Amino acid sequence: MGSEMVMVDDIPFSPQITTTKALTLLGHGITDIEIHFLQIKFTAIGVYIDQEIVGHLQKWKGKSGTELAEDDDFFDCVVAAPVDKYLRIVVIKEIKGSQYAVQLESSVRDRLAADDKYEDEEEAALEEIVEFFQSIYFKKDSVLTFSFPAASNVVEIGFSSEGKEEPKAMKVENGNVVEMIKKWYLGGTTAYSPSTISSLANTLSLELSK
């Protein structure tokens, strides 16, 4: 792996980061919407995963990136694989943290409800996440991170922006909520950022062909 930065919409992403071990940038993309034919970009996303994930995906060896991008069983396996995963999300267009939290909450809640897993504990965990983002402002170039360690079904959420603000962090320990946050970003055809899924599928297709 070269050490040159990968540019995602003019935002640099390191090809590797180290959490408890070295994780590789296996996918990247953006979140955006189109309003009156204008594309508005909100965030750039880098998906870092332990290379060992390839061993858990051998069943899909020989499939093209295009095929994998449309295969939700494949992405269920990506989400479930017991390896470290880390999302680094950089703000392109500033919004309030509360606006982001509403998107996250409604998507996660809908996914939980569809699987009949939305109980009081999940509601409480989501309320804590909303609370966490309430006082945050997503300035341009702020960085939001989601760290999913392999060893436990938790997510550590971090936020930092340039300037005097202290970095903020929280941990979510409700396994059902953690799983659905993973699926919001990594869940194949229903994920938040199709460009990220397509990139991840292409990289993993290549890794599986080695």
T196 being out of contact with any Lys or Arg (no Cβ under 9 Å at 6 or more places or on another chain), open to solvent by 70 Å² or more (accessible area, probe 1.4 Å) and under 20 Å from D73 (Cβ atoms): no
From I35, I92, residue being of a type outside the set (S, T, N, Q) and open to solvent by 60 Å² or more (accessible area, probe 1.4 Å): I35
Taking the options I49, I45, I30, name whichever one is touching a Gly at 6+ places or on another chain (Cβ under 7 Å) and either open to solvent by 60 Å² or more (accessible area, probe 1.4 Å) or of a type in the set (A, V, I, L, M) (or both). I45
Boolean, Q58 is polar (S, T, N, Q), under 30 Å from D141 (Cβ atoms) and more than 16 Å from the chain's Cα centre (by Cα): no
Take Q16 and tell me if it is surrounded by fewer than 17 Cβ atoms within 10 Å (Cβ to Cβ) and closer than 19 Å to P194 by Cβ. no
Inside the range 66-80, the number of residues satisfying the requirement of being open to solvent by less than 10 Å² (accessible area, probe 1.4 Å) and not β-branched (V, I, T) is 3
Considering the range 70-87, residues that are among the acidic types (D, E) and not in a helix (DSSP H, G or I), and then whichever is farthest from I40 (Cα to Cα), we arrive at D84
Looking across the range 95-130 at residues that are over 20 Å from the mean Cα position of the chain (by Cα) and under 14 Å from V172 (Cα atoms), the single one that is most open to solvent (accessible area, probe 1.4 Å) is E121
Examine the range 77-93 for a residue that is more than 29 Å from Q51 (Cα to Cα) and modelled with pLDDT of 95 or more, and state whether such a residue exists. yes
Name every residue in the range 139-178 that is touching a Gly at 6+ places or on another chain (Cβ under 6 Å) and either modelled with pLDDT of 95 or more or among the basic types (K, R) (or both), in order of residue number. T145, A169
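Just one of E179, E127, E165 is within 22 Å of L200 (Cα to Cα) and among the charged types (D, E, K, R); which is it?
One residue alone meets the criteria, E179.
The values are calculated or read from the model by the stated rules, or taken from the named source; none is laboratory data. From a predicted model like this one, the values you see are computed outputs, not experimental measurements. Here Cβ is always computed from backbone atoms with ideal geometry, including for glycine, and neighbour counts include all displayed protein chains. Please note that ligands, DNA and RNA were not included when accessible areas were found on the heavy atoms of the full protein model with its side chains. Shrake-Rupley method; radii C 1.70, N 1.55, O 1.52, S 1.80 Å.
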